[in-house]
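Here the structure is laid out as structure tokens; the discussion comes afterwards.
The values are calculated or read from the model by the stated rules, or taken from the named source; none is laboratory data. Quick caveat, the model's predicted, so the values are computed rather than measured. We place every Cβ from the backbone using ideal geometry, glycine too, and count neighbours over all the protein chains shown.
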Amino acid sequence: PYVLTEKEFMNQEELMYPFEERGLQFGDGVYEVIRVYHGEHYLIEEHVERLYRSAEAVRIEVPYTKEEMYKKLDQLLQLNEFTGDGKVYLQITRGTAPRDHTFPEGVTANLYAYVMDLPRKVEWMKQGVSAITQPDVRWDLCYIKSLNLLPNVMAKQAAAEAGSFEAILHRDGSVTECSSSNAYLVKDGAIYTHPATKNILHGCVRIRVEAFAKKAGIPFHEQAFTLDDIKSADEMFLSSSTAEVMPIVEVDGDQVAEGTPGTITQKLQQAYEEDAR
Ligand code: PDD
């Protein structure tokens, strides 16, 4: 398999990382996960735009222009003759230098991107998944897709150990998002989700979910809901590039409404299906 780096395409087996790499030592970098369907990127502009926004926020210079980046990402799929459903993982770090917290002088960014298979979670999307709730202990700049994922990893592991798919994160009872997806609640025919502030990642699928809702005439409120609201929710779902639009049918062991995917969630799933195909 081929992997894209900051300079060229390489054989994945030949890619070596220096031990004084700032991604490894500080998590000093940003990343993207881009969905691929039938060998084509989905929501590529949204991901590339967010990548540059994240990099700019932490003052890392992306080694390619946006136009080059689009071309390289296309080439990555072509070189690998990738025609199935998958995901591209791309990360950019500040670079390689003797360990010191401050930005090293004259350092240039390291980048790698590769593509892997990722079948759609069709069965879970049909039946819905369970989630647990966890305090959101992350920093204040969650709109940056940073490599520092330890709080997310801890929360998702807690979910996995509880037999759940995701961890719903809250700050003092107010739901921000999930460990690796955005969270939504449906009540009386309207959708509620945390506003796109610095406290959540502005999901590429979230942008689409809003558009699908508006097109279907479903009110979409960028208004945070609480843990208490979940108890009387009509529906819940989450969204991400890897999980698509996923119904949440159980939270902390309690059913959400009747414990089955709701009609608005299913409508959005259908809209996603049509858009992504
Ligand atoms: N995660 N919120 C968080 C914290 C995320 O990590 C993600 C994506 C999302 C959804 O963003 P998008 O719709 O652009 O995929 C929301 C990716 C999939 C990951 O880290 O694997």
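Observations
- Residue, farthest from residue 246 (Cα to Cα), within region 118-138, restricted to residues that are of a type in the set (D, E, K, R) and not in a loop (DSSP other than H, G, I, E, B): 123
- Among all positions in region 241-252, there is at least one residue which is β-branched (Val, Ile, Thr) and under 23 Å from residue 146 (Cβ atoms).
- Comparison of 175, 209 shows that the only residue that is of a type in the set (Val, Ile, Thr), farther than 28 Å from residue 85 by Cα and either at pLDDT below 95 or within 18 Å of the chain's Cα centre (by Cα) (or both) is 175.
- Qualifying residues in region 69-112 (those that are more than 19 Å from residue 26 (Cβ to Cβ) and assigned to a loop (DSSP other than H, G, I, E, B)) - the one farthest from the ligand (Cβ to nearest atom): 81
- Considering each residue of region 241-248 in turn, at least one proves to be among the acidic types (Asp, Glu), within 16 Å of the ligand (Cβ to nearest atom) and closer than 19 Å to residue 32 by Cα.
- Selection of strands (runs of 3 or more DSSP E) fully inside region 139-240 by the criterion of at least 1 residues being surrounded by 23 or more Cβ atoms within 10 Å (Cβ to Cβ) and either basic (Lys, Arg) or more than 10 Å from the ligand (Cβ to nearest atom) (or both) returns 166-171, 174-178, 182-187, 190-193, 235-240.
- For region 1-21, the set of residues classified as within 20 Å of residue 74 (Cα to Cα) and without any contact (Cβ under 8 Å) to a residue 60 or more places away in the chain consists of 7, 8, 10, 11, listed by residue number.
- Tabulated pairs, region 147-159, first polar (S, T, N, Q), second more than 11 Å from the ligand (Cβ to nearest atom), C-beta under 7 angstrom, 6+ apart or interchain: 148/27
- Screening residue 50 with (1) away from the ligand (no atom under 12 Å from the Cβ); (2) touching a residue at least 40 places away in the same chain (Cβ under 8 Å); (3) crowded, with 18+ Cβ neighbours inside 10 Å gives one miss only, at (1).
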